[in-house]
Amino acid sequence: MKKLIALTTLFALSLSLTAGEGWLTNIEKAKEVAKKEGKAVLVEFTGSDWCPPCKALKKNVFNSDEFKAYAKKHLVLVELDFPRDKSKVSKEQAAYNREQAKAFAVKGYPTVILMDAAGKELTKKVGFGRTSKEKYIAELSKAIK
């Protein structure tokens, strides 16, 4: 019975490893991919359905073709969502997200952390002040180098 529960939990977690459009939902998995591909890891802590700056960051930067092209070459993306609509994330994913928010001392949304494949923090941004997608990408590039 314990094996069945463990397998069911693993299956549920594997289903929740992606948040869509190339975004993962697990930092450890992202670091593994980053090591293999020689990329950095970008982790976004977001309130996708209630946080106006989070929505603006997604719309103006993360959903842009320029960012997607940059990310494809340089980043492994992770989205850890804290929606008000609890049906948007599984209970297991919500618990994982809370654990990571505590570990990374997240105090506001959005919080974006850029780290190397080993998990060393390169930069941390809290909020979104309407930075252009070009400037946002340039800041990420500078932090990676």
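The values are calculated or read from the model by the stated rules, or taken from the named source; none is laboratory data. Bear in mind the structure is a predicted one, so any value in this text is a computation, not a measurement. Every residue, glycine as well, gets a Cβ built from its backbone with ideal geometry; the counts of neighbours run over all protein chains shown.
Taken together, the criteria exclude Gly119 from residues that are farther than 18 Å from Leu24 by Cβ, surrounded by 12 or more Cβ atoms within 10 Å (Cβ to Cβ) and touching a residue at least 24 places away in the same chain (Cβ under 8 Å).
For Asn63, the conditions (1) under 24 Å from Glu139 (Cα atoms); (2) out of contact with any helix residue (DSSP H, G or I) (no Cβ under 9 Å at 6 or more places or on another chain); (3) in contact (Cβ under 8 Å) with a residue 12 or more places away in the chain are fulfilled apart from (3).
Restricting attention to the range 20-39, the residues that are part of a helix (DSSP H, G or I) and more than 22 Å from Glu99 (Cα to Cα) total 3. Taking the criterion of being surrounded by 14 or more Cβ atoms within 10 Å (Cβ to Cβ) and at pLDDT below 95, the residues of the range 18-43 that qualify are Thr18, Ala19. All conditions but one from (1) surrounded by fewer than 17 Cβ atoms within 10 Å (Cβ to Cβ); (2) at pLDDT 95 or above; (3) of a type outside the set (Asp, Glu) apply to Gly129; the one that does not is (2).
Just one of the listed residues (Ala101, Ala105) is surrounded by fewer than 17 Cβ atoms within 10 Å (Cβ to Cβ) and touching a residue at least 24 places away in the same chain (Cβ under 8 Å), and it is Ala101. Inspect the range 64-75 for any residue being of a type in the set (Gly, Ala, Ser), touching a Gly at 6+ places or on another chain (Cβ under 9 Å), at pLDDT 95 or above and surrounded by 16 or more Cβ atoms within 10 Å (Cβ to Cβ) and give the result as yes or no. Yes. Taken over the range 82-100, the criterion of being touching an Asp or Glu at 6+ places or on another chain (Cβ under 9 Å) and farther than 12 Å from Asn26 by Cα is satisfied by Pro83, Arg84, Asp85, Lys88, Val89. Quick check: is even one residue across the range 134-141 more than 20 Å from Pro52 (Cβ to Cβ), small (Gly, Ala, Ser), without any contact (Cβ under 8 Å) to a residue 60 or more places away in the chain and out of contact with any strand residue (DSSP E or B) (no Cβ under 9 Å at 6 or more places or on another chain)? Yes: the range 134-141 contains one or more residues that are more than 20 Å from Pro52 (Cβ to Cβ), small (Gly, Ala, Ser), without any contact (Cβ under 8 Å) to a residue 60 or more places away in the chain and out of contact with any strand residue (DSSP E or B) (no Cβ under 9 Å at 6 or more places or on another chain).
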